[in-house]
Every structure is written in C-alpha cells, then in structure tokens.
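The values are calculated or read from the model by the stated rules, or taken from the named source; none is laboratory data. Since we're looking at a predicted model, the values are computed, not measured. All Cβ positions, even for glycine, are placed from backbone atoms using ideal geometry, and neighbour counts span all protein chains on display. Note: areas computed on protein heavy atoms with side chains; ligands, DNA, RNA excluded. Shrake-Rupley method; radii C 1.70, N 1.55, O 1.52, S 1.80 Å.
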Amino acid sequence: MKNKLAEKLKTNAKPIGTFFELGSPSVIEALGRTGLDFVILDNEHGPFEAESSRDFARAAETVGLTAIARVREVSRPAVLKLLDVGVQGLIVPDVHTVEQVRQIVEYAKYFPLGKRGFCPSRKDGWGFDEMAQQSVPQQMAYWNEQTLVIPQCETVGALEQIEEIVALEGVDGIFIGPFDLSISMGIPGQFEHPDFIAALERVQKACRDAGKFCMIFAGNTSAVTERFRQGYDAVAYGLDAAVLTAAYQANLTEIRSKL
Ligand code: 3PY
Ligand code: MG
C-alpha cells in the first residue's frame, strides 16, 4: 500500500496524527473516522508489541489511516518485526548519537541505504502482492522510498549533532519530542524558555537545510495550529486516551452544568 503520509509530506498537506496508546483495533477504526492522517503505534510507551501492531496496522488500512510506529528500541528485531507486519514508518525515540541513527537506517532500509533483512512478509502479501512480482532490487528501492525513518530529537546528544543526523541518507525527517528534550536540557516543561525555543529553531533549520521534514508533538489544538504557523511539516496532536478523556470531561461538565 502506498504511504499516504509520505505523499502528504511531499505536497505540504499539513498532516495531523496522534499517538495511539489504547491498544485496540477498534480505536484505530474510530480514529480513522475523525479526519486524522496518521497514527503512531506507540511501542515505546504503549503496552503492546509487534504482534498486536500487526492488527493495528491492518485496522488502519481498512480506514485509510497511515500507521507508523514508535519503535521500542534500536535493535534489529524491534525494527524488522514492525516493518514486516506493515507499518509504514518508524519514529525512533531516545536517540543520543549519530551512530545510533546509522544503526537504525541499517536495520530499516534495504541495500544500498542499509542492510535490512529481506523476507516476504505481511507488508507485501508474503510475496503475492503486485509489487512483490518485481525484481528484488526494484522491491528494495520501492520499500526504501515507502518506509519513513524518523529519529526523534529529544536528547541534548541528538540536538548537538542534529545537522549530521538529519543529513544522513536514509533519514527522512526528524520528530521533536518536546517533553524529553526539555528534560534532557535541564528545563523540564519550560517550553517558552529561550534555550528551548533556540533548540527548536536549530532543529527546524537543520531539517530545512537538509531538505528533510520536521515533525513535532503538540498537546492541544492551539499548539497544533501554532506549530504549523511556525513551519513544521506535520504535527502529532495528543494521544488517544487523553483526547478521549478530555472530550468526555468537557461534555459531562456541560451536561451537569445544565441539570
Ligand atoms: C516527548 O515529548 O518526549 C515525546 O516523545 C513526544 O511527545
Ligand atoms: Mg519522548
């Protein structure tokens, strides 16, 4: 299946996603009816693993949502299992060094960009989908283009080497994790701190200079619009459990105020 998120990033369509934590394919089906462009299957903070992520990826396909995954760690099995079950990109948390990013590219992209292991899998109908009838080099080129590799900038280490990280071939863009970045900088949650603002501007400039996209998390609706105004290419708005809770809270408060 074509990666619609990759297309939207190329055409500046301002895609909006959310973190998926609730761990039920039904939630994915519901999210697919909201106007969201993508979901991030959170294998870092969420309770589930690759086997469940397969069912979430399948549910996302039925409602036209792009499913990417936040990988639990930089390891070959963690990367391969998620990509082979059919997620269309990886967000890589807790990156500290350029070497870690090289490693993730090696696991996630096929030759010549990396050394991804080749195996027919759910992503290509176990070798029976149309694109799987092409030559092996053609298939590898196809998946390299379709598979987004997105390291997070959320540590001082990543920030200090962001120009080198984003320039790596095989890195498609950067995702800023404001919470962990601010914590790593010693200014937890101080998103208006001049050093934090300067850090974000540095990451955005590095992405622009390298011709790569820059994504960020935003916890409320006005922060989402503000981030797009600031030039971010995509925004992850909140997480499913929090948005659900906030909606019920607001509705219940309104109902009770009228009783
Ligand atoms: C962070 O803020 O640290 C994230 O990883 C995403 O919001
Ligand atoms: Mg984080």
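Arg76 falls short on exactly one of the conditions (1) within 22 Å of Phe228 (Cα to Cα); (2) in contact (Cβ under 8 Å) with a residue 40 or more places away in the chain; (3) surrounded by fewer than 16 Cβ atoms within 10 Å (Cβ to Cβ), and that condition is (1). Can you name the residue in the range 210-233 that is among the hydrophobic types (A, V, I, L, M, F, W, C) and closer than 17 Å to Glu154 by Cβ and, of all such residues, is farthest from ligand 1 (Cβ to nearest atom)? If we take residues in the range 210-233 being among the hydrophobic types (A, V, I, L, M, F, W, C) and closer than 17 Å to Glu154 by Cβ, then Phe213 is farthest from ligand 1 (Cβ to nearest atom). Glu169 passes every criterion in (1) free of Cβ contacts under 8 Å to residues at least 60 places away in the same chain; (2) of a type in the set (D, E, K, R); (3) surrounded by fewer than 16 Cβ atoms within 10 Å (Cβ to Cβ) apart from (1). Restricting the first member to the range 208-228 and to residues that are within 16 Å of ligand 2 (Cβ to nearest atom), and the second to residues that are assigned to a strand (DSSP E or B) and among the aromatic types (Phe, Trp, Tyr), the beta-carbon pairs closer than 6 Å and six or more apart or on different chains are Met215/Phe175; Ala218/Tyr237. Looking across the range 32-62, just one residue is more than 16 Å from the chain's Cα centre (by Cα) and either among the aliphatic types (A, V, I, L, M) or within 16 Å of ligand 1 (Cβ to nearest atom) (or both), and that is Ala59.
For the range 4-19, the set of residues classified as under 18 Å from Thr221 (Cβ atoms) and open to solvent by less than 50 Å² (accessible area, probe 1.4 Å) consists of Pro15, Gly17, Thr18, Phe19, listed by residue number.
Taking each residue of the range 116-131 that is in contact (Cβ under 8 Å) with a residue 24 or more places away in the chain and looking for partners that are basic (Lys, Arg) and assigned to a loop (DSSP other than H, G, I, E, B) with beta-carbon atoms closer than 9 Å, six or more apart or interchain, yields Arg116/Lys109. The helices (runs of 4 or more DSSP H) found entirely in the range 49-133 include none that carry 2 or more residues being in contact with a His (Cβ under 7 Å, 6 or more places away or on another chain). Entry remark, the range 63-111: residues being acidic (Asp, Glu) and either within 16 Å of ligand 1 (Cβ to nearest atom) or in contact with a Pro (Cβ under 6 Å, 6 or more places away or on another chain) (or both) number 2 in total.
Under the condition of being out of contact with any Ser or Thr (no Cβ under 9 Å at 6 or more places or on another chain) and either within 19 Å of Tyr110 (Cα to Cα) or surrounded by fewer than 18 Cβ atoms within 10 Å (Cβ to Cβ) (or both), the residues counted in the range 56-71 number 7.
Residues are listed down the side, and each one gets a yes or a no for (1) more than 23 Å from Gly177 (Cβ to Cβ); (2) away from ligand 2 (no atom under 16 Å from the Cβ):
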site	(1), (2)
Pro15	no, yes
Thr18	no, no
Leu22	no, yes
Ile28	no, yes
Leu31	no, yes
Leu36	no, yes
Leu41	no, no
Pro47	no, yes
Glu51	yes, yes
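Selection of the range 28-46 for residues being open to solvent by less than 10 Å² (accessible area, probe 1.4 Å) and either closer than 22 Å to Ala13 by Cα or modelled with pLDDT under 95 (or both) yields Ile28, Phe38, Val39, Ile40, Leu41. Scanning the range 138-155 for residues that are in a helix (DSSP H, G or I) and under 26 Å from Val92 (Cβ atoms) yields Gln139, Met140, Ala141, Tyr142, Trp143, Asn144, Glu145, Gln146.
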